[in-house]
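Undergrad: Below: one structure in structure tokens.
The values are calculated or read from the model by the stated rules, or taken from the named source; none is laboratory data. Just so you know, these numbers come straight off a predicted model, no measurement behind them. All Cβ positions, even for glycine, are placed from backbone atoms using ideal geometry, and neighbour counts span all protein chains on display.
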Amino acid sequence: MKTQEILKLNPEELENKVDKLKQELFDLRFQLALGKLTNTAKIKKLKKTIARIKTILTQKSNQQTATTPTFVTSTAKPVLANQSPTPQPTSPDLDDTVETIKEEQQ
């Protein structure tokens, strides 16, 4: 099934088509397991067609729900590439604890 044909269908028809194709894919996999399937390329084509239909379904649902674009605002300041991150403050107690742990491990 070509993309242009898929675009012409409404969402309900597309969902029905996906269900039918999934059943057909199941049947083909069953035939493959039994050793009766000669053209294994059909499985690949069916999987791609199902993915194509699902993608178009998602696009159509996004078009229907998207009335205004939503922007995420961030409160964090951007870090420029040439800036180094600010050094973290250290406390003498923390340094002593780290040294003690290192000594205990040795």
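Undergrad: Going through segment 22-60 one residue at a time, which ones are free of Cβ contacts under 8 Å to residues at least 40 places away in the same chain, within 14 Å of Lys2 (Cα to Cα) and touching a Leu at 6+ places or on another chain (Cβ under 6 Å)? Before you say what the answer is, go through the steps one by one.
TA: Initial filter on segment 22-60 (free of Cβ contacts under 8 Å to residues at least 40 places away in the same chain): 22-48, 50-51, 54-55, 58-59.
Then drop every residue that is not within 14 Å of Lys2 (Cα to Cα), which leaves 45-48, 50-51, 54-55.
Residues satisfying the conditions are Leu46, Ile50.
Per-residue answers, yes or no, for (1) under 29 Å from Gln63 (Cα atoms); (2) modelled with pLDDT of 95 or more; (3) touching a strand residue (DSSP E or B) at 6+ places or on another chain (Cβ under 9 Å); (4) among the acidic types (Asp, Glu):
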position: Asn10; (1), (2), (3), (4): yes, no, no, no
position: Val18; (1), (2), (3), (4): yes, yes, no, no
position: Gln23; (1), (2), (3), (4): yes, yes, no, no
position: Asp27; (1), (2), (3), (4): no, yes, no, yes
position: Leu37; (1), (2), (3), (4): no, no, no, no
position: Lys42; (1), (2), (3), (4): no, yes, no, no
position: Leu46; (1), (2), (3), (4): yes, yes, no, no
